[in-house]
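To start, the structure itself, in structure tokens.
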Amino acid sequence: MRLPLTGILIMVILTLIIDGYIYYDVRSISGKPKRKRDGWLYIASCVPCWALLIVAFSLPLRDEGRDVIPVMWLLFTYLTIIAGKTVYALCSMIGRLCNIGSRRLSNYGAMIGVPLGLLVCGMMWYGVMVTRHNIDVKNVDITSEKLPASFNGYRIVQFSDVHTGTWGGDTAFVSKLVDSINALQPDVIMFTGDIVNRKTCELEPFHTVLKRLKAKDGVYSVLGNHDYGDYVDWSAAASKAANLQQLKDRQGEMGWKLLNNSHEFIKRGTDSIAVIGVENWGEPPFGQYGDLVKAYKGKGVGLKDGNFKILMTHNPEHWNQVVKKNSNIDLSLSGHTHAMQIEADMFGLRFSPAAWRYRYWGGLYEDTGADGTPSRLYVNIGAGEVGMPMRIGAVPELTVITLRKK
């Protein structure tokens, strides 16, 4: 299977419109003797962009034996070019509209559009070369009356969405991430899903690196939507099942405790807190495997007991639709959104295009649980990338969550 037909059509039509407008713009700006020459020069300059698009569309995306990294880089290079062209075209159009009814011949919009288009293109590549290698450590305090006194000051480091397949065999960033986590000296580490893009074999170069993660109470993990092999057209159902089992086995070999609709208690003397993990609770087209009732004692009443409870669930919408309505779980930890790998933070205000898709896309949220007590959700925007190998503003995140006794 190749890229979705709708996406292909949108990209082709957009490219035709933008290139057609700029061709018209170039010819209108050129002097009369040079119009034909300049028009052909622009058409020639479009050939690499179209070549990238054609080659990317020609490569099978979901084949079991196909590596998607070449497709990812081809499409990203195309997008950087077309983004710059789109900015120029919009500026030029605005300039033309402003000239209506005026004797002024110069199109200042086009003049502004050239550096702006180059700036947008440069920002996208900066997101590849610099931003996606930076690591941001965010500190969050969670205060609760239900927290046992012996857990006051307990430190959790959450990380999410590593997507090792995007890095190929280059372990440098993941090694840096592991060192950064260990330097925080957490009591426990929690990983909230998507360790690979498509297949378990992507994890192999990183197995030894991730095994170095250390915390007093170990590393807990859950599965994300990318971990099930749902993005591959497998030759047989048995191959898909074997791929998933291999992923579970690899995490066990790394010393991680994978919670698949299950839970454990972390103890301090006679006190304890519950750590619950559900499989991915997805919305279409993502698979829905999570079962909160099964994950905690198998009884609905257990979800409203007096224990301080932490839930690991990959998709934050699970908290919105199920968790806060049917339980008194104190803290849910999610990932999944990546903040769509684009974020702006100015004057204390955060914005991401992820807000158009996800109500809860990054940071701490609070509502009321089933028994009227606070129910909190923290959404980590992830450490890796999928689809596009860039992060603009939305730098890889590590979250240090400190529990406080109220």
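The values are calculated or read from the model by the stated rules, or taken from the named source; none is laboratory data. Quick caveat: nothing in here was measured; it's all calculated off a predicted structure. Glycine also receives a Cβ, built like all others from the backbone with ideal geometry; neighbour counts cover every protein chain displayed. Ligands, DNA and RNA are excluded from the accessible area calculation, which covers all protein heavy atoms including side chains. Shrake-Rupley method; radii C 1.70, N 1.55, O 1.52, S 1.80 Å.
Worth a mention:
- Any chance Asn280 is farther than 22 Å from Tyr378 by Cβ, at pLDDT 95 or above and polar (S, T, N, Q): no
- Matching residues in the range 339-354 - criterion: being outside any helix (DSSP H, G or I) and either over 12 Å from Arg391 (Cα atoms) or of a type in the set (Asp, Glu) (or both): Glu343, Asp345, Met346, Phe347, Gly348, Leu349, Arg350, Phe351
- Pairs, first buried (at least 16 other Cβ atoms within 10 Å of the Cβ) in the range 84-98, second among the hydroxyl-bearing types (Ser, Thr, Tyr) and assigned to a helix (DSSP H, G or I), C-beta under 7 Å, six or more apart: Ala89/Tyr21; Gly95/Tyr108
- Between Leu303, Leu398, the distinction of being under 21 Å from the mean Cα position of the chain (by Cα) and either assigned to a helix (DSSP H, G or I) or of a type in the set (A, V, I, L, M, F, W, C) (or both) belongs to Leu398 only.
- Residue check, Ile181 hydrophobic (A, V, I, L, M, F, W, C), closer than 30 Å to Lys304 by Cα, at pLDDT 95 or above and not in a loop (DSSP other than H, G, I, E, B): no
- Taken together, Gly348, Gly393, Gly335, Gly363 contain a single residue that is open to solvent by 50 Å² or more (accessible area, probe 1.4 Å), under 24 Å from Thr131 (Cα atoms) and of a type in the set (Gly, Ala, Ser), which is Gly348.
- Cβ-Cβ under 9 Å pairs, at least 6 apart or on other chains, the range 125-152 side within 17 Å of Ala344 (Cα to Cα), far side open to solvent by 70 Å² or more (accessible area, probe 1.4 Å): Ile135/Lys176
- Taking the numbered list (1) outside any loop (DSSP other than H, G, I, E, B); (2) open to solvent by 20 Å² or more (accessible area, probe 1.4 Å); (3) in contact (Cβ under 8 Å) with a residue 24 or more places away in the chain; (4) not basic (Lys, Arg) in turn, Asp217 passes all entries but (1).
- Evaluation of Lys325 against (1) among the charged types (D, E, K, R); (2) surrounded by 22 or more Cβ atoms within 10 Å (Cβ to Cβ); (3) touching a residue at least 40 places away in the same chain (Cβ under 8 Å) (one fails), failing number: (2)
- Test: residue in the range 223-246 that is buried (at least 18 other Cβ atoms within 10 Å of the Cβ), free of Cβ contacts under 8 Å to residues at least 60 places away in the same chain and among the small types (Gly, Ala, Ser): yes
- Residues of the range 59-79 satisfying the condition of being more than 20 Å from Val196 (Cβ to Cβ), surrounded by fewer than 21 Cβ atoms within 10 Å (Cβ to Cβ) and touching a residue at least 24 places away in the same chain (Cβ under 8 Å): Thr77, Leu79
- Taking (1) in contact with a Gly (Cβ under 6 Å, 6 or more places away or on another chain); (2) not in a loop (DSSP other than H, G, I, E, B) in turn, Asp367 satisfies each apart from (1).
- Residue count for the range 250-266, restricted to those that are open to solvent by 50 Å² or more (accessible area, probe 1.4 Å), in contact with a helix residue (DSSP H, G or I) (Cβ under 9 Å, 6 or more places away or on another chain) and more than 19 Å from Lys214 (Cβ to Cβ): 1
- Scanning the range 187-214 for residues that are among the β-branched types (Val, Ile, Thr) and either under 20 Å from His263 (Cα atoms) or open to solvent by less than 30 Å² (accessible area, probe 1.4 Å) (or both) returns Val188, Ile189, Thr192, Ile195, Val196, Thr200, Val209.
- Candidate set: the range 276-289, residues that are buried (at least 23 other Cβ atoms within 10 Å of the Cβ) and out of contact with any Lys or Arg (no Cβ under 8 Å at 6 or more places or on another chain); chosen: the one nearest to Gly224 (Cα to Cα): Asn280
- Verdict on Glu202 being under 21 Å from the mean Cα position of the chain (by Cα), assigned to a loop (DSSP other than H, G, I, E, B) and without any contact (Cβ under 8 Å) to a residue 60 or more places away in the chain: no
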